[in-house]
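A quick write-up on the structure given underneath.
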Amino acid sequence: NLDIVYPGGFGRSDFQAVSSVSFDIKAGEVYGLVGESGSGKTTIGRAIAGLTRASGGSLKVLDHEMVGFKEKAFSPIRRRIGFVFQDPAASFNPHLTIGECVAEPFAIHKRDMTAKDREKRVLELLDSVQLPSAYAARYPHELSGGQRQRASLARGLALDPELLVADEPTSALDVSVQAKVLELFVELQNRFDFAALFISHDLAVVDMLSDRIGVLFHGELLEEGTGEQVLGSPSNDYTKRLIASLPVPDPDEQAKRRGLARGLRTTAG
């Protein structure tokens with residue numbers, strides 16, 4: 001029953017971004033949260049990482065209650081959580097090299113780490129995301145979008161997190177690069193066995209990665225289950241529209257799906 005409300009201010013009413021949402025993420029599990037822009041996906045992800053305040057209900061992250069949490073008490077928990085941002089170009093400091101960007105978590109959470117150990121760990125992380133060690137000396141603008149996203153994954157995994165929040169990490173990439181990054185995500189999750197909240201507007205992507213899927217719409221969780229349950233037997237018209245909008249190579253089937261989507265939209269209206 002998690003609620004997240006943004007105060008209105010300046011005479012405007014408050015905005016309910018998340019309303020009575022309930023789900024859990026088990027150890028080593030990938031939970032896919034799918035929905036259109038403005039549905040509250042990123043808000044939930046940021047609340048889990050302590051970047052946005054939860055307003056009501058309960059949000060327990062690694063057994064720590066986030067509703068009304070104190071920053072000092074949460075600080076030891078934060079190092080156990082990794083975060084991969086949607087736009088690494090914006091989340092990386094352009095004045096730091098890729099190596100320095102990846103090493104940022106060490107500066108905050110492992111201050112006693114020697115420069116030699118930090119450099120060694122950065123190179124190991126770059127190798128784990130299939131980036132050459134020479135890229136540590138490059139700056140973010142010198143990398144392609146896919147390479148920056150790999151570096152963002154490396155930074156998210158720097159502290160060996162138990163939970164990784166990935167906020168639409170492939171939405172800004174073209175299809176071929178997106179596929180490579182998703183394959184890498186699967187490989188890393190299998191290797192390190194972290195739990196993950198994977199946020200996306202793309203139901204096909206979420207189905208490929210996730211053990212379970214939650215469908216979010218206007219801040220409410222409409223349904224959840226395994227990919228087979230959600231895609232095979234959707235109970236909500238919104239989910240049916242999402243499935244009908246998925247592209248398929250057969251033009252006749254695509255036309256049929258678009259007709260179904262229009263019919264569901266008309267029925268819902």
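Selection within the range 39-76: residues that are among the charged types (D, E, K, R) and within 13 Å of the chain's Cα centre (by Cα). The member of this set that is nearest to Val230 (Cα to Cα) is Lys41.
Residue-by-condition table, conditions (1) modelled with pLDDT under 55; (2) surrounded by fewer than 18 Cβ atoms within 10 Å (Cβ to Cβ); (3) in the same structural domain as Gly38 (by TED's automatic domain parsing):
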{"residue": "Glu220", "(1), (2), (3)": "no, yes, yes"}
{"residue": "Val230", "(1), (2), (3)": "no, no, no"}
{"residue": "Val248", "(1), (2), (3)": "no, yes, no"}
{"residue": "Pro251", "(1), (2), (3)": "no, yes, no"}
{"residue": "Arg258", "(1), (2), (3)": "yes, yes, no"}
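Could you look through the range 71-87, keep only residues that are in a helix (DSSP H, G or I) and among the aliphatic types (A, V, I, L, M), and pick out the one that is farthest from Ser37 (Cα to Cα)?
The qualifying residue farthest from Ser37 (Cα to Cα) is Ala73.
Residues that are in a loop (DSSP other than H, G, I, E, B) and farther than 16 Å from Leu216 by Cβ within the range 1-31 comprise Pro7, Gly8, Phe10, Gly11, Ser13, Asp14, Lys26, Ala27, Gly28, Glu29, listed in sequence order.
Restricting the first member to the range 102-116 and to residues that are at negative phi, and the second to residues that are outside any loop (DSSP other than H, G, I, E, B), the beta-carbon pairs closer than 6 Å and six or more apart or on different chains are Val102/Val122; Val102/Leu125; Val102/Ala154; Val102/Arg155; Ala103/Arg118; Ala103/Val122; Phe106/Arg118; Met113/Phe106. For the range 123-141, the criterion of being out of contact with any helix residue (DSSP H, G or I) (no Cβ under 8 Å at 6 or more places or on another chain), within 22 Å of Ile81 (Cα to Cα) and at pLDDT 95 or above is satisfied by at least one residue.
Name the residues in the range 129-178 that are surrounded by 15 or more Cβ atoms within 10 Å (Cβ to Cβ) and out of contact with any Leu (no Cβ under 9 Å at 6 or more places or on another chain), would you? Once the filter is applied, which keeps residues that are surrounded by 15 or more Cβ atoms within 10 Å (Cβ to Cβ) and out of contact with any Leu (no Cβ under 9 Å at 6 or more places or on another chain), the range 129-178 yields Arg138, Arg148, Ser152, Leu159, Pro161, Glu168, Ser171, Ala172, Leu173, Val177, Gln178.
To keep it simple, each residue is scored yes or no on (1) touching a Leu at 6+ places or on another chain (Cβ under 7 Å); (2) among the hydrophobic types (A, V, I, L, M, F, W, C); (3) not assigned by TED's automatic domain parsing to the domain that holds Asp193.
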position	(1), (2), (3)
Pro76	no, no, no
Arg79	yes, no, no
His95	no, no, no
Gly99	no, no, no
Glu104	no, no, no
Lys116	no, no, no
Leu123	no, yes, no
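Scan the range 195-203 and tell me whether some residue there is of a type outside the set (Ser, Thr, Tyr) and assigned to a helix (DSSP H, G or I). Yes; the residues of the range 195-203 include at least one that is of a type outside the set (Ser, Thr, Tyr) and assigned to a helix (DSSP H, G or I). Checking each residue in the range 3-38 for being under 16 Å from the mean Cα position of the chain (by Cα), buried (at least 17 other Cβ atoms within 10 Å of the Cβ) and under 17 Å from Tyr238 (Cβ atoms) picks out Gly32, Leu33, Val34, Gly35. Of the residues making up the range 88-111, those that are outside any helix (DSSP H, G or I) and over 16 Å from Ala154 (Cβ atoms) number 3.
The values are calculated or read from the model by the stated rules, or taken from the named source; none is laboratory data. All figures in this text were calculated on a predicted structure; none of them were measured in a lab. Positions of Cβ are generated from backbone atoms using ideal geometry, with glycine treated the same way; all protein chains shown enter the neighbour counts.
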